[in-house]
Amino acid sequence: MLFSVQRLTVAIGNKVILSNVSISVDRGEIVAIMGPNGSGKTTLAYAIMGHPRYRIIKGRVILDGDDITFLPPYERARRGVFLAFQHPPEIHGVKLKYLLDFISKNKDYMNMFKYLGFSEEFLHRDLNVGFSGGEKKRLEVLQMLLMKPKIAILDEPDSGVDIDSIRLIAKAIKKLAEEKSGVLLITHYTKLARYLVPSRVYVMFNGRIVASGDVELMNKIDSCGYQCIDIGKCLLEEGC
Amino acid sequence: MKEPEWLTSLRKRALSMLDKAPEPKYGAKIDFALFDKNPVVHDEVSDISELPSDVAKALDQLALTKVKALGLTVHVDASTILKELLDVPKGVVIMDIEEALLKYDELRKYWFGVFPLTLNKLSLFHAAYSRGGVFIRVPRGMRLKKPIQSCFIVSSSKYAQLPHNIIIAEPESEVHIITGCTAPRAVKEAFHAGLTEVYIMKNARVTLTTIEIWPYDMHARPLAGIRVEEGGEFIENYILLKPPRTLQTYPTAVLKGEKSTCLMRSILVGLKKSNVDSGSAVYLFGEKSRAKIVSRAVAFHESRIAQRTKIWSTKPGTYGYVDCRGLIIGEKASLSTYPALIADHKESNLVHESAIGRIAEEELFYLMARGLSEEEATGLLIRGFLDPGILNLPPEITKEIERVIQLTAEQAL
């Protein structure tokens with residue numbers, strides 16, 4: 001297995017946010033994590049990336065056989081973990097060009113840059129400052145393609161984004177998976193997952209994985225929402 | 001040294017008032033009398049390649065040699081040691097101030113013409129003992145696109161460098177003056193208090209950029225007064241890349257003329273236990289005059305920085321805006337901001353925004369998630385916060401400033 005999270009328990013301060021979460025993603029695989037707002041999806045993404053405020057109480061994060069649970073974020077990034085942020089921060093005074101030059105190691109990225117709908121003028125703008133929702137998300141995806149990660153975690157790349165952007169983003173993710181990267185797609189809508197067809201779907205609720213399955217599981221979420229997961233059994237039966 | 005009689009008697013007068021004058025209101029208290037006021041003079045050189053090696057190195061450090069400029073003057077202690085006026089158009093005067101005082105009698109009008117002579121002990125001390133400096137005059141209608149540069153170097157320990165610079169932009173003229181101030185590392189307990197007076201006539205425009213890189217064992221009190229006539233424009237960029245142990249400055253622009261404008265920007269870096277007290281003041285004395293003050297400060301280590309800003313309006317249709325932000329990095333660092341807005345006319349519109357904070361955790365995490373180490377990410381964020389890119393300086397200088405800021409930030413962490 002390329003990437004796995006094993007029985008991960010995570011706290012912020014003394015408050016436990018994730019309990020015993022286990023997931024795995026193989027090379028070239030697209031795996032979806034779904035769940036309502038506040039279920040712990042972003043916490044999982046941050047914990048995988050090594051956010052200093054998220055304390056790992058128990059469990060491990062394994063990439064390519066190496067334990068990366070306690071590595072600093074930049075070390076994880078350098079080993080091939082990428083996180084596309086749900087809300088990328090606006091950073092004043094840091095030009096987009098500076099960051100792109102850094103992560104592409106000065107390789108030419110203009111074709112990809114334009115393909116993702118950016119004009120050259122964007123290079124000299126401050127990072128994410130005044131960008132639209134779609135621009136921010138497309139920029140995350142561009143950085144993902146440039147970094148060629150082993151495992152890409154995308155935190156709601158489809159929220160607040162117009163339909164054309166969604167198509168571009170879906171295409172980019174597909175391309176990455178075809179190049180044998182693992183993709184962990186966090187979303188609470190099923191729209192993007194329709195374009196991508198994940199091989200496995202996890203459902204998260206209250207900081208736990210409460211269900212897993214194939215695309216069928218998504219269909220059930222589509223027809224009856226997350227409400228039934230709360231009850232705990234509905235998903236296992238036909239109809240809601 | 002020969003000088004005009006009026007100047008000798010002005011010095012005597014200043015000296016007689018020195019004891020009873022008040023101490024400077026701001027900045028760390030230091031005793032000026034302890035510094036050596038006897039001018040240290042140096043020989044002139046004819047070419048930039050003949051500069052003493054430590055002076056050449058200082059020039060390099062300030063990136064002044066990398067810029068295509070119309071002219072360059074180099075001042076070491078009390079002497080003007082180099083004047084390279086390569087492309088200076090006819091009619092522009094760039095001259096050692098002592099020479100200029102003998103040649104142009106009208107300079108007495110401009111000598112403490114805008115900066116108040118009797119302000120405090122420091123202004124009187126300067127008036128009594130000043131030596132050297134540069135005189136720049138741009139004639140009517142001449143708009144210079146390339147900058148003029150001057151570099152002030154303190155090279156003697158315990159010495160008080162007190163140059164007096166006068167800049168006159170005649171009507172419809174334009175000039176960008178870039179000044180670098182520094183001292184070789186080995187200088188101990190030295191003092192720099194350059195006084196710059198700028199006169200901007202009708203519809204003229206002056207940009208004054210000052211870059212300072214000081215050794216730690218020094219004290220600096222740069223003084224500046226600016227007068228702007230009708231439709232004139234003053235832009236100041238003050239960039240303190242390495243502070244001395246104590247520094248205080250409070251450039252003050254008087255917008256006398258109708259529709260005159262002023263933009264003052266400062267970038268301040270506090271290191272070690274330096275005490276930096278940096279202000280900017282604009283007096284909106286002309287109808288419809290406008291001013292903007294932007295200040296950015298980063299306090300590392302145990303440094304203390306005070307950011308003072310003041311806009312005072314007495315005329316209708318005036319507008320003033322202050323944008324003052326500080327970033328605390330050092331555990332024992334301290335930042336304070338003192339914005340003052342004074343409106344003595346009901347048709348004044350004055351605004352200030354200020355904020356002090358630390359580096360945003362989310363921004364740091366984001367950059368680290370892209371593979372930047374914590375030091376690299378912090379350095380980049382600090383550089384971005386100070387954002388020298390907004391100053392519209394020649395790209396060579398911007399690049400060098402960015403490089404120094406990032407290096408300083410990474411070393412300080």
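What follows is calculated from the coordinates using simple rules that are stated; it is not laboratory data. Everything quoted here is computed from the prediction, not taken from an experiment. When we count neighbours, we look across all protein chains shown, and the Cβ atoms used for this are built from the backbone with ideal geometry, even at glycine.
Things worth noting here:
- The magnitude of the dipole of the protein assembly as shown, with charges of +1 and -1 set on the Cβ of Lys/Arg and Asp/Glu and taken from the Cα centre, is near 680 debye.
- Using θ = phi - 60° and Karplus 6.51 cos²θ - 1.76 cosθ + 1.60, couplings along region A:74-82 (whole Hz; Gly, Pro as x): 5, 5, 5, 4, 5, 8, x, 9, 10
- Note that region B:1-108 carries a Kirkwood radius of 17.2 Å, evaluated over its alpha carbons pair by pair.
- R0 of 41 Å, Cβ-Cβ distance A:R53-A:H124: FRET efficiency to nearest 0.05: 0.80
- Charge dipole (the protein assembly as shown, unit charges on Cβ, about Cα centre) - positive-most of B:Y319, B:L101, B:I153: B:Y319
- Theoretical FRET efficiency, 1/(1+(r/R0)^6), r = Cβ-Cβ of B:D36 and B:E331, R0 41 Å, to 0.05: 0.65
- The distance between label points at B:L86 and A:M110 comes to 3.0 nm (points 7 Å beyond Cα on the Cα→Cβ vector).
- Think of each Lys and Arg Cβ as +1 and each Asp and Glu Cβ as -1; about the Cα centre, that makes the dipole of region B:202-247 roughly 120 debye.
- Straight-line cross-link reach from B:K242 at under 17 Å between alpha-carbon atoms covers these lysines, not counting any fewer than eight positions away in the same chain: B:K57, B:K188, B:K272, B:K273, B:K399.
- Cα gyration tensor, region A:16-87 - rounded (a/c under 1.5), prolate or oblate: rounded
- Listed by chain and number, the aspartates and glutamates whose C-alpha is less than 16 Å from the C-alpha of A:K58, apart from same-chain residues fewer than 8 away, are A:D67.
- Cβ-based exposure ranking for B:M218, A:M1, in which fewest neighbours within 10 Å come first: A:M1, B:M218
- More than 18 Å apart - percent of Cα-Cα pairs taken over region A:1-157: 61
- Normalised by residue number, the volume inside the convex hull of the Cα atoms of region B:29-74 is 139 Å³ per residue.
- Interatomic Cα distance distribution for region B:117-195, bins of 10 angstrom, percent: 17, 38, 30, 14, 2
- Residues considered: B:R205, B:R13, B:R383. Largest GNM mean-square fluctuation over chain B, using C-alpha springs under 10 Å, is found at B:R13.
- Inverse mean reciprocal Cα-Cα distance (Kirkwood Rh) of the protein assembly as shown, Å: 27.9
- Pairwise Cα distances in region B:151-218 exceed 20 Å in 38 percent of cases.
- A DSSP coil position with no more than 12 other Cβ atoms inside 10 Å describes the following chymotrypsin sites (Phe, Trp or Tyr not before Pro) in region A:1-90: A:F70.
- Candidate lysines - alpha carbon under 19 Å from B:K20, same-chain residues fewer than 8 apart omitted: B:K12, B:K29, B:K121
- Trypsin sites (Lys or Arg not before Pro) within region A:12-116: DSSP coil, no more than 15 neighbouring Cβ in 10 Å: A:R27, A:R53, A:K105, A:K107
- The residue list B:G270, B:V282, B:I239 was ranked by how far each Cα lies along the charge dipole of region B:229-282 toward its positive end, using unit charges on Cβ atoms, and B:G270 comes out on top.
- Loop chymotrypsin sites (Phe, Trp or Tyr not before Pro), region A:123-230, which have at most 16 other Cβ atoms in a 10 Å radius of their Cβ (DSSP): A:Y189
- Rg and Dmax [Cα atoms of region B:223-330; Å; Rg one decimal, Dmax integer]: 14.8, 45
- Taking every Cα-Cα distance in region B:224-279 and sorting them into 10 Å bins from zero, the calculated P(r) comes out as 23, 41, 23, 11, 1 percent.
- Cα-centred dipole magnitude for chain B, charges only on beta-carbon of K, R (+1) and D, E (-1), debye, nearest 20: 920
- Projected onto planes of every orientation and averaged, the convex hull of the alpha-carbon atoms in region B:304-413 covers 8.9 nm².
- Axial C-alpha extent at least 15 Å, average Kyte-Doolittle at least -1.0 - helices from chain B (DSSP): B:5-18, B:374-386, B:395-412
- Projecting the Cα atoms of B:G384, B:Y250, B:V67 onto the dipole axis of chain B, where Lys and Arg carry +1 and Asp and Glu carry -1 at the beta carbon, places B:Y250 farthest toward the positive end.
- In terms of Cα atoms, the Rg and Dmax of chain B work out to 20.6, 68 Å.
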